[in-house]
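Notes follow the structure.
The values are calculated or read from the model by the stated rules, or taken from the named source; none is laboratory data. These figures come from a predicted structure and were not determined experimentally. Please note: Cβ atoms are built from the backbone with ideal geometry, for glycine as well, and neighbour counts cover all protein chains shown. In case anyone asks, the SASA skips ligands and DNA or RNA and just uses the protein heavy atoms, side chains included. Shrake-Rupley method; radii C 1.70, N 1.55, O 1.52, S 1.80 Å.
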Amino acid sequence: MKANTPDNLDELYERLPEEERLVASVLRALIFETLPDIREKKSYGAPFYFGTKAICYVWPASITWGGKRQGKGVTLGFNQAKKLNHSGFLDFGSRKNIGSHVFLTAEEIDVKRVVELLKSAWEVDQSS
């Protein structure tokens, strides 16, 4: 799937390969259940979630970045990850603020940990 993905995010999710759709849909549901006031918007071709600023994103690998596929699975990323207590759960790579975790299957999702990170990220967003 190229970065010119559908603007309608429901349609974007429907077009994902099956395993990515399952993982992304679980993450999306957790985001909306945990943070009911969050706004969803397509940015860089992928779903991003906003409070006062961008809080997190769900990036399926089939959505390319710069025309290139970015690995496998679905990445859950946090924009202000350096301010979160993530106990090594998030990978920063070469980035200073953005931390992420890749899920290959829906069964890998640690719901409790993801919910805790979402709540913490919301608090960071609301206090800035």
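Once the other residues with Cβ under 11 Å from the Cβ of residue 51 are scored (Lys, Arg +1; Asp, Glu -1), what is the net sum?
On the way: positive: 39, 53; negative: 37, 123, 125.
Every neighbour counted, the sum reads -1.
By how many degrees, 0 to 90 and rounded to 10, does the Cα axis of helix 18-34 deviate from the longest principal axis of the chain?
Helix 18-34 sits roughly 30 degrees off the main axis of the chain.
For region 25-128, what % of the accessible area comes from carbon and sulfur atoms, probe 1.4 Å?
Values: 2800 of 5580 Å².
Taking all protein chains in place, region 25-128 shows 50 percent carbon and sulfur surface.
Can you match percent of Cα pairs over 22 Å apart to one of these, [x] 29; [y] 32; [z] 36, based on a calculation from the structure here?
Identified label for the calculated read-out: [x].
Of the candidates 28, 15, 95, which one comes out as most mobile in a Gaussian network treatment of the chain with C-alpha springs shorter than 10 Å?
Evaluated over the chain, the most mobile residue of the options is 95.
Taking the Cα centre of the chain as the origin, how large is its charge dipole in debye, to the nearest 20, when only Lys and Arg (+1) and Asp and Glu (-1) carry charge on their Cβ atoms? Provide the component values of the computation, followed by the final result.
Details: 18 positive and 17 negative charges, 131 e Å.
In total the dipole reaches around 640 debye.
Per the helix-only calculation at 222 nm, which mean residue ellipticity applies to the chain, given -39500 (n - 2.57) for every DSSP H run of n ≥ 4 and division by its residues, nearest 500 deg cm²/dmol?
Theoretical 222 nm ellipticity from helices: -10500 deg cm²/dmol.
Just to confirm the number: angle between the C-alpha axis of helix 111-127 and the first principal axis of the chain, 0 to 90 degrees, nearest 10?
Helix 111-127 and the main axis of the chain meet at about 70 degrees.
For region 89-102, what does the Karplus curve 6.51 cos²θ - 1.76 cosθ + 1.60, with θ = phi - 60°, yield as ³J(HN,Hα) per residue in whole Hz, taken in order and with x for Gly and Pro?
5, 9, 9, 9, x, 9, 8, 8, 10, 8, x, 8, 9, 9
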